[in-house]
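So that we are looking at the same thing, I have put the structure below in C-alpha cells.
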Amino acid sequence: MGNEAQEWHKRAASALLLAKSRLTADIVLEDLCFQAQQAVEKALKGILINHGQRPPRSHNIAFLLKEVAKFVEIPVHIEDVVELTEYSVMIRYPGDYPPVQEIDYEAAIEMAEKTAKWARHVIQE
C-alpha cells in the first residue's frame, strides 16, 4: 500500500470511528451518518489512488464504485453502500427531510464497516 493510499485509508478509518462515536445524546444521527458516508468515500478513493488514479471530486458513492470497478470487482455485499450518498451533502445541514432514525444509523454504520474492511483488503493485496 503506497503512502498516499495509506493516508486515505487512515482518514477512512478515522471517519468510521467518528461515525461510531456517540459520546453524548447531543450528537445528532445525521452528523454520524455523514461520517459513515465519508468513511466509504475515502475508502473508495484510497482504492483508486492505490491503482494510480487521482480520485474524482465527487461524493456520489455509485459514481465512485463505477470508477473502482474499472480496477477491481465490486462484491455484491458492497453494492448497497450507494445508499450512503444521501448523507453526503443535504443531510449535513438542517433542512426539509425526514430525520435519521436509529435503524438508518445502524445500517449506515454496518455499510461503512463492511466497505472499509473490504477496501483495506483490496489495498493491501
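The values are calculated or read from the model by the stated rules, or taken from the named source; none is laboratory data. No experiment lies behind these values; they were computed from the predicted model shown. A quick note on method: Cβ atoms are made from the backbone with ideal geometry, for glycine too, and the neighbour counts reach across all protein chains shown.
Restricting to the stretch 60-79, count the residues that are more than 19 Å from Glu113 (Cα to Cα), assigned to a helix (DSSP H, G or I) and not hydrophobic (A, V, I, L, M, F, W, C).
Adding up the residues that qualify gives 2.
While we're here: State which residue pairs qualify: first residue surrounded by fewer than 22 Cβ atoms within 10 Å (Cβ to Cβ) and inside the stretch 32-52, second residue at pLDDT 95 or above and of a type outside the set (A, V, I, L, M) in any location, beta carbons under 7 Å apart, and separation of 6 or more residues or different chains.
Between residues of the stretch 32-52 that are surrounded by fewer than 22 Cβ atoms within 10 Å (Cβ to Cβ) and residues that are at pLDDT 95 or above and of a type outside the set (A, V, I, L, M), the close pairs are Leu32/Tyr105; Leu48/Glu67; His51/Phe71.
Can I ask one more? Against the definition (in a helix (DSSP H, G or I), of a type in the set (A, V, I, L, M), over 16 Å from Ile123 (Cβ atoms) and modelled with pLDDT under 95), how does Ile91 come out, yes or no?
Criteria met by Ile91.
Cβ contacts < 7 Å: first residue modelled with pLDDT of 95 or more, restricted to the stretch 102-118; second residue outside any helix (DSSP H, G or I) and not charged (D, E, K, R), any location; separation 6+ or different chain. Result?
Trp118/Pro75
If you don't mind, another one. Does His121 meet the test of being without any contact (Cβ under 8 Å) to a residue 12 or more places away in the chain and in a helix (DSSP H, G or I)?
Numbers: without any contact (Cβ under 8 Å) to a residue 12 or more places away in the chain: yes; in a helix (DSSP H, G or I): yes.
Yes, satisfied.
Can I ask one more? Pick from the stretch 1-59 the residues that are β-branched (Val, Ile, Thr) and part of a helix (DSSP H, G or I): which of them is farthest from Ile123 (Cα to Cα)?
Here the residue is Val40.
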